[in-house]
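Below is one structure; the comments refer to it alone.
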């Protein structure tokens, strides 16, 4: 079995579930120590940082041939979202191999890229390969909860670890999309929607459940959330989505009507939901809480809403939310900013060349991610970010459903393909 598969399998076997609760989160320490040991074996002197108990981060720098060039950051997170084993076909933390796939929580999000980065770092160090620029490899905690004990903490407290870094690559990009028979596009993330996690409160008049009530906090909040669920934010065709749809149109020969991007998105098959979510802002209710007894009308009702806004839409999104929810809904929120860069430059050219060398005839296309990554933290240091964790995927695999999904898995040959592409990229970028 190849080193990349062994590394990915071992990483999946560490249960690094992040519940966003210090009392129940298992922590990344064991996985981080595993990564640090493998780096030490290859000759690195890794920096280990633990901002809180069991929340480990590992960083190493590989010097390049030209110290005057900006360094490249290659980062991945060690934590995963929890998995309910009763829902899965296989145990989620055993790294089982079957049907040509490696199964387990984190196989896609994102221990495959951690394993690829680790394998390439070890290869370069052992074989004395000197890249053209410095490369900083970072293996991080807490991305699934916003990075407060990982990338965010390091940017705030240990920025010297990223001195000279001008560009970065990480999740969610570099994966293949089969446009038609034998023709693949590889999506490179150049933008991310911003995040607004809202905490809503509605107050009413508490009382006995048997009486007439006109000021029921739960009912008022439910009405506001129903309005929000029915609301559709305006369609906005951003530059990365426009470039992506034009690229797909050129590869398929199906014309794109710029005034009707939703029709073009509907033709994307399993990608339709992922790309469709980048045509407009979204706001989805994720948690509800009200009352404490069956016969008591609650005086307080609360909800959590996951809001995602397009670059440049932050202020408009906030205003629109307030208008839709209406008076009487108290709003508090935490935000992470959108991320956006252009699809050009030497690094992009190197990505395209690395993909072409391993998959002749393939094309790289930019796209926007509807979710968020640690790029939101690293952009505070002025680092330009791309999502590029290369994988060649079977055309019938519903890749996007595997993120935080049941029976998460990655194709073995896709992992080995990704390592080859990443090796080519980091040699020459």
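The values are calculated or read from the model by the stated rules, or taken from the named source; none is laboratory data. Model, not experiment: these values are computed from the prediction. Backbone-built Cβ (ideal geometry, glycine too); neighbour counts: all protein chains shown.
Taking residue 9 as the residue in question, decide whether it is in a loop (DSSP other than H, G, I, E, B), assigned by TED's automatic domain parsing to the domain that holds residue 157 and in contact with a helix residue (DSSP H, G or I) (Cβ under 9 Å, 6 or more places away or on another chain).
no
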So for the range 15-33 (the condition being surrounded by 15 or more Cβ atoms within 10 Å (Cβ to Cβ), closer than 23 Å to residue 413 by Cβ and under 22 Å from the mean Cα position of the chain (by Cα)), does at least one residue qualify?
no
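Quick one: in the range 39-52, of everything that is in contact (Cβ under 8 Å) with a residue 24 or more places away in the chain and either touching a helix residue (DSSP H, G or I) at 6+ places or on another chain (Cβ under 6 Å) or outside any helix (DSSP H, G or I) (or both), which residue is surrounded by the fewest Cβ atoms within 10 Å (Cβ to Cβ)? Spell out how you get there, then give the answer.
Of the range 39-52, the ones in contact (Cβ under 8 Å) with a residue 24 or more places away in the chain are 39, 41-44, 47, 49, 51-52.
Among the residues that remain, those that are also either touching a helix residue (DSSP H, G or I) at 6+ places or on another chain (Cβ under 6 Å) or outside any helix (DSSP H, G or I) (or both) are: 42-44, 47, 49, 51-52.
Details: 42: 16, 43: 10, 44: 20, 47: 15, 49: 21, 51: 18, 52: 14.
Step by step, filter the range 39-52, then rank; the result is 43.
Starting from residues that are touching a helix residue (DSSP H, G or I) at 6+ places or on another chain (Cβ under 8 Å) and not in a helix (DSSP H, G or I), keep the ones in the range 398-413 and report whichever is farthest from residue 9 (Cα to Cα). Talk me through it step by step, then tell me what you get.
So in the range 398-413, the residues touching a helix residue (DSSP H, G or I) at 6+ places or on another chain (Cβ under 8 Å) come out as 398-401, 406, 408-410, 412.
Right, trim to not in a helix (DSSP H, G or I) and you get 398, 406, 408-410.
On the way: 398: 21, 406: 17, 408: 13, 409: 11, 410: 11 Å.
Among residues in the range 398-413 that are touching a helix residue (DSSP H, G or I) at 6+ places or on another chain (Cβ under 8 Å) and not in a helix (DSSP H, G or I), the one farthest from residue 9 (Cα to Cα) is 398.
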Verdict on residue 97 being surrounded by fewer than 21 Cβ atoms within 10 Å (Cβ to Cβ) and modelled with pLDDT of 95 or more
yes
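Applying the selection to the range 253-280, what residues are in contact (Cβ under 8 Å) with a residue 12 or more places away in the chain and more than 29 Å from residue 320 (Cα to Cα)?
Keep residues of the range 253-280 that are in contact (Cβ under 8 Å) with a residue 12 or more places away in the chain, which gives 254, 258, 261-262, 264-265, 267-268, 270-271, 273-280.
Matches in the range 253-280: 254, 267, 268, 270.
Looking at the range 314-324, can you tell me whether even one residue there is touching a residue at least 60 places away in the same chain (Cβ under 8 Å), outside any helix (DSSP H, G or I), surrounded by 15 or more Cβ atoms within 10 Å (Cβ to Cβ) and in the same structural domain as residue 239 (by TED's automatic domain parsing)?
From the range 314-324, those touching a residue at least 60 places away in the same chain (Cβ under 8 Å) are 314, 317-318, 320-321, 324; that's our starting set.
With outside any helix (DSSP H, G or I) added as a condition, the list becomes none.
There is no residue in the range 314-324 that is touching a residue at least 60 places away in the same chain (Cβ under 8 Å), outside any helix (DSSP H, G or I), surrounded by 15 or more Cβ atoms within 10 Å (Cβ to Cβ) and in the same structural domain as residue 239 (by TED's automatic domain parsing).
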What single numbered condition from (1) surrounded by fewer than 24 Cβ atoms within 10 Å (Cβ to Cβ); (2) out of contact with any strand residue (DSSP E or B) (no Cβ under 6 Å at 6 or more places or on another chain); (3) not in a helix (DSSP H, G or I) fails to hold for residue 122?
(3)
